[in-house]
Number of protein chains: 6
Amino acid sequence: MTTVRLLSDAEVDTIPGVKAVFDDIRATRKSEFVNNFWRGLANDPASLQRVWGEVKAVMVAPSAIDPVVKEMIYIAVSTANGCGYCIHSHTAAARAKGMTEAQHGELAAIVGLAGQTNHLVTAMQIPVDPEFDVTT
Amino acid sequence: MTTVRLLSDAEVDTIPGVKAVFDDIRATRKSEFVNNFWRGLANDPASLQRVWGEVKAVMVAPSAIDPVVKEMIYIAVSTANGCGYCIHSHTAAARAKGMTEAQHGELAAIVGLAGQTNHLVTAMQIPVDPEFDVTT
Amino acid sequence: MTTVRLLSDAEVDTIPGVKAVFDDIRATRKSEFVNNFWRGLANDPASLQRVWGEVKAVMVAPSAIDPVVKEMIYIAVSTANGCGYCIHSHTAAARAKGMTEAQHGELAAIVGLAGQTNHLVTAMQIPVDPEFDVTT
Amino acid sequence: MTTVRLLSDAEVDTIPGVKAVFDDIRATRKSEFVNNFWRGLANDPASLQRVWGEVKAVMVAPSAIDPVVKEMIYIAVSTANGCGYCIHSHTAAARAKGMTEAQHGELAAIVGLAGQTNHLVTAMQIPVDPEFDVTT
Amino acid sequence: MTTVRLLSDAEVDTIPGVKAVFDDIRATRKSEFVNNFWRGLANDPASLQRVWGEVKAVMVAPSAIDPVVKEMIYIAVSTANGCGYCIHSHTAAARAKGMTEAQHGELAAIVGLAGQTNHLVTAMQIPVDPEFDVTT
Amino acid sequence: MTTVRLLSDAEVDTIPGVKAVFDDIRATRKSEFVNNFWRGLANDPASLQRVWGEVKAVMVAPSAIDPVVKEMIYIAVSTANGCGYCIHSHTAAARAKGMTEAQHGELAAIVGLAGQTNHLVTAMQIPVDPEFDVTT
């Protein structure tokens, strides 16, 4: 159950601004499949255009971080935020880009360990060591 | 202000189980510096021993994920959890292991973008596409 | 699957303290429909009475903030907390009180943008500018 | 730096509705000390009255859960929510009611462990076992 | 303590892409003051340009939601995410745009109440009522 | 839908390191039932062994905190983190160890109240009272 309707391809074809973004998603990913996130966001064409522009700039354009690593970072944030959809879609993307099962297992282990030490640090309210200061 | 006392080296020296872990932290990291997290956790020697064992197993032992990448994943989770201490200590660790400023900038960009799309997905309550199913 | 049973109207009728709250919910909202949240909370009559009193005081009583705006703020908090049920029930309430689709789209855009800048600020651990101080 | 002013006793004395709540806090806790939370909330007398009523009902009134345990549950939630002030104030309250250092260490260990397994479960998106269903 | 340096105006003047964004921030807000968030983000000029573009599109451009309301939604999300800097900067912005003290008090009351019912719903794992479905 | 496969008993029997942990889970809990969390974690035998070791050390071994209280703290953290699976599994465990319905109702009330005051404190950014300092 969603709070907005998920637009079908037939509906998308009738809204030029949405159609253009869907075409670009398909061309960029070299795949006919457009996942539900974009079909929900299409209810607000301005947001669709803006967010897809962000995703292309941050996740698709050449960068200093390896594409698989970028997806693993995305999964890590989505896990801490408890966003099930995001975990599923970016785990699929990470696997498609070459993440191995061993790497997936280690990713979960790191995320879990960080969850533990994050909570311990917060419970004890540990002050930041001056040695970690980069501004001086 | 902490909720527990941070143990000094003089105090650590009087508790054999704690002293042994501090010695191992120093030997493993080849550095005399032991950061505040361990000094707080030392109030509960059993937790200190257990958590340091975890950190060694997950973050120090050879693995399928590159050490810098592991630290970047740790920073990503700590950011989503809002743990300032953890962000500072693991950003220092990531830099020490070779993270460049360009990679740090991109890391923040990915974490920020994930924060945005996580919230959009959650607001719209998007259902997981069956195409993402790995169990069938 | 819930962790408590959801009480039916027949069951509610047998517990006077619960029945009175359900009657007040129906009278206040001018609707026979009582949603699942109250049916779960009815397992603990003291909590039911207390929380409904809060909701009436904060969300129903006349106030300085417009009723639709109050529901949009509720949705915003529920999204950041990842509470799917809360997002659905308060999106329904906001629509019933007049939230347009354009406003819903903008609400999601603001929540998403805040998710991004919140994560960027946290990753960089930005200190509060003294210009924002209201206490001096 | 706060987003609202913290009211002094002199200011509180000039607002009858606020003064009455402060008097009740002091009488209930048998202490002259009124902590900052209430001094901030006093900017909105209706909220002050309502929230103090809640705290008395849930945390002070006789109940099926031991007072120290109630404070430990409060600390656990506050840790997961990353609320430093709440952790400090309820850790002080728990100690005042008899929480030992050993219990405090274990509390942090449980909270940390839950942080770890919570993140692992979320990363793997584990479905709920039908054996955990209480509604059938 | 930050994880990146906060750029001074003198430094900003030496980086054309950053200077142009700072000029636009000042022109858009009709104020010489540029807050720390942008000075931290300026370490990554591409992110600075992208995020400022988002903020202008979502928070500054004319829209279906009132400017004060938009800031209150921003504060609500930032509170649920525990981002202190974001709460301070957007509370200042909301006040500058006309938020009254009474509205601020009510905002906190709604955010607090949502925090309570969100946690109650999550603890009981309440299923979404079919009555809330908008997709059928 | 999970992001990893849940291993059946037949599959577990073919992986010695996993089989040994499952045997220990069954022996420790005196029950044939092994819940899905462990079946998902079994994809990464090293994590399975490590996390089960943690759970035994923190949740099963004799300690200064009562076993029912430990489960209630676990539920509290899981609720704040929004982990539905964790809430279900630990609510079942708490009931099996003797948590009454009255205690469960109060647990939810405390968790909800903490959610409310946590959000209020965060919205107001209340500074920690020096009276709460344990380090001096």
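Values for this structure:
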{"read-out": "Which numbered condition B:Asn35 misses (of (1) more than 28 Å from F:Ala46 (Cα to Cα); (2) touching a residue at least 40 places away in the same chain (Cβ under 8 Å))", "value": "(1)"}
{"read-out": "Where A:Ser63 falls short, out of the listed (1) outside any helix (DSSP H, G or I); (2) within 30 Å of D:Gln116 (Cα to Cα); (3) hydroxyl-bearing (Ser, Thr, Tyr)", "value": "(2)"}
{"read-out": "Flag if C:Pro67 is at pLDDT below 95, farther than 22 Å from F:His88 by Cα, open to solvent by 40 Å² or more (accessible area, probe 1.4 Å) and not basic (Lys, Arg)", "value": "no"}
{"read-out": "Contacts under 6 angstrom Cβ, first residue in the range D:21-32 being more than 16 Å from D:Ala96 (Cα to Cα), partner open to solvent by 50 Å² or more (accessible area, probe 1.4 Å), 6 or more apart", "value": "D:Val21/D:Gln49"}
{"read-out": "Selection status of F:Arg50, open to solvent by 10 Å² or more (accessible area, probe 1.4 Å), without any contact (Cβ under 8 Å) to a residue 60 or more places away in the chain and in a helix (DSSP H, G or I)", "value": "yes"}
{"read-out": "Residues of the range C:8-34 satisfying the condition of being open to solvent by less than 10 Å² (accessible area, probe 1.4 Å) and part of a loop (DSSP other than H, G, I, E, B)", "value": "C:Val34"}
{"read-out": "Residue within the range E:73-94 that is open to solvent by less than 50 Å² (accessible area, probe 1.4 Å), away from chain D (no Cβ under 14 Å) and either closer than 21 Å to B:Gly115 by Cβ or without any contact (Cβ under 8 Å) to a residue 24 or more places away in the chain (or both) present", "value": "yes"}
{"read-out": "Extreme residue, nearest to E:Val69 (Cα to Cα), among residues of the range C:40-64 that are over 14 Å from the mean Cα position of the chain (by Cα) and away from chain F (no Cβ under 14 Å)", "value": "C:Ala64"}
{"read-out": "Exclusive hit being farther than 20 Å from D:Ser63 by Cα, without any contact (Cβ under 8 Å) to a residue 60 or more places away in the chain and open to solvent by 40 Å² or more (accessible area, probe 1.4 Å), set C:Met1, C:Met59", "value": "C:Met1"}
{"read-out": "Exclusive hit being assigned to a helix (DSSP H, G or I), more than 9 Å from chain D (Cβ to nearest Cβ), buried (at least 19 other Cβ atoms within 10 Å of the Cβ) and touching an Asp or Glu at 6+ places or on another chain (Cβ under 9 Å), set E:Leu120, E:Leu113", "value": "E:Leu113"}
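The values are calculated or read from the model by the stated rules, or taken from the named source; none is laboratory data. The structure presented is a predicted model; accordingly, all values stated were derived computationally and were not measured. Because the Cβ atoms are built from the backbone with ideal geometry, glycine has one as well, and the counts that use them run over all protein chains shown. These area figures cover heavy atoms from the full protein model, side chains too; ligands, DNA and RNA do not enter into them. Shrake-Rupley method; radii C 1.70, N 1.55, O 1.52, S 1.80 Å.
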